[in-house]
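Worksheet: one structure, shown below.
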Amino acid sequence: MSLCYTSNFISLNHQKSLSLTFSSDSPRFINLFSVKHRKPHHPIKFTTERFKLVASLTPAPPIETAPSSYRSKSPKDVNVLVVGSTGYIGKYVVRELVKRGFNVTAIARERSGIKGSVDKDQTLNQLRGANVCFSDVANLDALEGSLNSLGNSFDVVVSCLASRNGGVKDSWKIDYEATRNSLVAGRKRGASHFVLLSAICVQKPLLEFQRAKLKFEDELMKLAEEDGGFSYSIVRPTAFFKSLGGQVELVKDGKPYVMFGDGKLCACKPISESDLASFIVDCVLSEDKINKVLPIGGPGKALTPLEQGEILFRLLGKEPKFLKVPIGIMDFAIGVLDFLVKVFPSLEDAAEFGKIGRYYAAESMLLLDPETGEYSAEKTPSYGNDTLEEFFATVLREGMAGQELGEQTIF
């Protein structure tokens, strides 16, 4: 069942285990939590429905206007479909689109937020100014039924979808299948441009969610090559501010700042949610962003974990106190989990989370220079005005309200 709210009408249509886990969207913070036993994940099987899905990706005739003609319109006449609208970045993207005057339809879950803590009324309040349609992007039939009830055509689809935990099954369900569903549904309703929120870490794919994102990226680019009337913009941001804020309260309370190795194993150019949302919305109309992969970071120099901690202690007026954790501890934990998963397949996600944590502890969230094979802060584009230091200062005054990392955190 799906419930769609628009500005004109309302319509109705028809885990007990030990594990070490890490958040897929939190580049530095290790997480420990229980993962319920699940049935083993099986490889994707080709079925009649999947062949239908492939067929549905073939170029569809435009509903009303010639492909890409929407760029000559005023924003108020441009119809934008947003999926992943209740996510951390998605909410800000919707607000920025509304602020700039676009006609926005936001697909939302009936219950969103951490552990489904946000209900429909709260979602409608968060996404004020947009037509909110409650549906399930992971179910193509349900999504299309919901959009059919609206009767709208769309010019652009903006996807801010991302796996909630980076688990194997969830990664393919959300980062690939649900995102693909939004492409299929949008194309059928006239969309000629697709803006994808991806991640800079996919340039070195060692994790399941990265492979899922890359598979969709490849299909999106191939579609644009085959259909000259269709285009895309793939946005690959670096670390988000909230991903680096998990230790602020602990350090404020006198605890040490925890980092791996000497704190210089990796670096990033963090970007705020509002700056990233602004860049994503730029991609809706900007012709210089058509059919491009766009790595993007925030303003200023790249920061290592050591430098991030030093900023925090300086703001607090305290003498720096660091706890250095050997990276080998991560490797040992991953080895144990990889062994256990052979005996207990339900621990597959726990093993994957361990690998995610190891990846973010050692890999920089910067552009990987193909010429040198090294991460390059200089070649990582900067955008926006918000700085990590300003974010830390705000969190010290006001707390992490609205920036919660959820159940996947320990510090």
ask   = Where the centre of each part is set by its Cα atoms, how far does region 274-292 sit from region 383-401, in angstrom?
value = 24 Å
key: Cα centroid separation, region 171-235 to region 71-127 (Å)   = 19 Å
remark   = Residues whose modelled amide H sits under 5 Å from the amide H of Val82, counting only those 5 or more places away in sequence or on another chain, are Thr105, Ala106, Ile107, Val158
request  = Can you tell me the FRET efficiency between Ser376 and Asp77 if r is taken as the Cβ-Cβ distance and R0 is 51 Å, rounded to the nearest 0.05?
outcome  = 0.80
Unit charges on C-beta of K, R, D, E only; dipole of region 136-182, Debye = 180 debye
key: With all protein chains modelled, accessible area of Met365 [1.4 Å, Å²]   = 10 Å²
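Classify region 267-411: rounded, prolate or oblate, from the alpha-carbon gyration tensor (a ≥ b ≥ c, eigenvalue square roots; a/c under 1.5 rounded; otherwise prolate if a/b is larger than b/c)?
On the way: a/c = 1.73, a/b = 1.24, b/c = 1.39.
Cα axes put region 267-411 in the oblate bin.
Place a +1 charge on the Cβ of each Lys and Arg in region 136-219 and a -1 charge on the Cβ of each Asp and Glu, then give the dipole magnitude about the Cα centre in debye, rounded to the nearest 20.
Working: 11 positive and 11 negative charges, 29 e Å.
Using only the charged Cβ atoms, the result is roughly 140 debye.
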Lys/Arg +1, Asp/Glu -1 at C-beta; region 258-396 dipole; positive extreme among Ser272, Phe392, Ile327 = Ile327
query = Heavy-atom accessible area of Thr86 with all protein chains present, probe 1.4 Å, nearest 10 Å²?
reply = 20 Å²
remark   = Along the dipole axis of region 200-347 (charges at Cβ: +1 for Lys and Arg, -1 for Asp and Glu; origin at the Cα centre), the most positive-end residue among Gly229, Gly297, Leu244 is Leu244
query = Hull surface divided by four, with the convex hull built on the Cα atoms of region 131-187: how many nm²?
reply = 3.9 nm²
note = For region 132-234, the charge dipole (Cβ of Lys, Arg +1; Cβ of Asp, Glu -1; about the Cα centre) points to a positive end, and the Cα of Gly186, Ser135, Ser198 closest to that extreme belongs to Ser198
task = Give the shape of region 180-311 as rounded, prolate or oblate, defined through the alpha-carbon gyration tensor: a ≥ b ≥ c are the square roots of its eigenvalues, a/c under 1.5 means rounded, and otherwise the shape is prolate if a/b is larger than b/c and oblate if not.
result = prolate
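With viscosity set to 0.890 mPa s at 25 °C, what whole-number translational diffusion coefficient in µm²/s follows for region 242-349 from Stokes-Einstein and a Kirkwood radius over Cα pairs? Walk me through the intermediate numbers first.
Values: Rh = 17.3 Å.
The Stokes-Einstein estimate is 142 µm²/s.
Can you give the charge dipole size of region 82-224 about its Cα centre, rounded to the nearest 20 debye, using +1 on the beta carbon of Lys and Arg and -1 on the beta carbon of Asp and Glu? Provide the component values of the computation, followed by the final result.
Numbers: 21 positive and 15 negative charges, 56 e Å.
Dipole size: approximately 260 debye.
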request  = Would you mind checking the pairs Lys222/Lys292; Lys73/Lys289; Lys264/Lys301; Lys301/Lys379; Lys204/Lys324; Lys120/Lys173 and listing those with alpha carbons more than 20 angstrom apart?
outcome  = Lys204/Lys324; Lys120/Lys173
request  = Can you check what the Kirkwood hydrodynamic radius comes to for region 75-162, Cα pairs only, in Å to one decimal?
outcome  = 12.9 Å
ask   = Can you pull the three principal axis extents for the Cα set of region 115-267, in Å, largest first?
value = 57, 40, 27
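The values are calculated or read from the model by the stated rules, or taken from the named source; none is laboratory data. Being a predicted model, the structure only gives us computed values, none of them experimental. Cβ atoms come from the backbone with ideal geometry, glycine included; neighbour counts cover every protein chain shown. These area figures cover heavy atoms from the full protein model, side chains too; ligands, DNA and RNA do not enter into them. Shrake-Rupley method; radii C 1.70, N 1.55, O 1.52, S 1.80 Å.
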